[in-house]
1. Any residue in region 66-85 that is surrounded by fewer than 16 Cβ atoms within 10 Å (Cβ to Cβ) sitting within a Cβ distance under 9 Å of a residue that is acidic (Asp, Glu) and not in a helix (DSSP H, G or I)? List the pairs, counting only those 6 or more apart or interchain.
2. Of the residues that sit in region 138-195 and are closer than 21 Å to PRO116 by Cα and among the small types (Gly, Ala, Ser), which one is modelled with the lowest pLDDT?
3. When residues of region 97-120 are filtered for being without any contact (Cβ under 8 Å) to a residue 24 or more places away in the chain and either under 12 Å from PRO52 (Cα atoms) or under 23 Å from the mean Cα position of the chain (by Cα) (or both), how many remain?
4. Applying the selection to region 5-62, what residues are small (Gly, Ala, Ser), at pLDDT below 85 and in contact with a strand residue (DSSP E or B) (Cβ under 9 Å, 6 or more places away or on another chain)?
Amino acid sequence: MIKTRGLLTLSLTVVAVAALPVAAQAATAKAAGSCGQFRVMHNDHINGVSFPYGLYNMVNSGASTGISCAQTTKYMQQFLDNDKVASGWTVKLLSGQRRRFTKLHTKPTVDFQATPVAEPTPSASSLNCAGTFRVMHNDHIGAMSLQAGEYRIALNSADTPGLNCRSASNDFSYFLAADWSGDLPRPWKMNVSAKSFYMNDNTRDGFNVKRVGG
């Protein structure tokens, strides 16, 4: 069950949501343009077009054609959940890794595009993330107890595609806010004693947290 509470990150100010926009979206778009960013939480596909884990820049054709940023986000989430577009839509992979969704038989054209953001891959020397993450009160994620205080986040590996310090903080915040009873959203799993979170069965593809200070 979702719990309403305040969660803060000090040096890493991010908001975590599963397959939801990480940047605030305007309720409507007055013209064609940016609709912020959207995070795909695991490698996925829509109508056979791949959508690797990570952030995507979202651009739509504008409210003048009948689609707002809020609707763009809703469609993206719906299509990912169903692994296919809704009736009357198509999706194509264009040059530059752009994915274009088009509503058929509409004039002017109603469409939006999702383009992967090139996130830097951390080096082996930067596995320990800068800054700390604050857990505001004694909490838990399933059987993993987390005392209130500052936590250091460290990546388990330097070569996990799409995973960096920002996204790890993003995911940790989401796990806390959603209060998962040990059953994390796919493909995530956790090691309670190591306070580590990883994807699928590869413990290298993830991150761990450790309380620092008193």
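The values are calculated or read from the model by the stated rules, or taken from the named source; none is laboratory data. What you see is a predicted model; the values in this text were computed from it and never measured. In this analysis, Cβ positions are derived from the backbone assuming ideal geometry, glycine residues included, and neighbour counts consider all displayed protein chains.
1. Note: pairs meeting the criteria are ASP83/ASP44.
2. That would be GLY162.
3. Of the residues in region 97-120, 4 are without any contact (Cβ under 8 Å) to a residue 24 or more places away in the chain and either under 12 Å from PRO52 (Cα atoms) or under 23 Å from the mean Cα position of the chain (by Cα) (or both).
4. Step one: of region 5-62, the residues small (Gly, Ala, Ser) are 6, 11, 16, 18-19, 23-24, 26-27, 29, 31-34, 36, 48, 50, 54, 61-62.
The next check asks that each one be at pLDDT below 85; those that pass are 6, 11, 16, 18-19, 23-24, 26-27, 29, 31-33, 54, 62.
Passing the criteria: SER11, ALA16, ALA18, ALA19, ALA23, ALA24, ALA26, ALA29, ALA32, GLY33, GLY54, GLY62.
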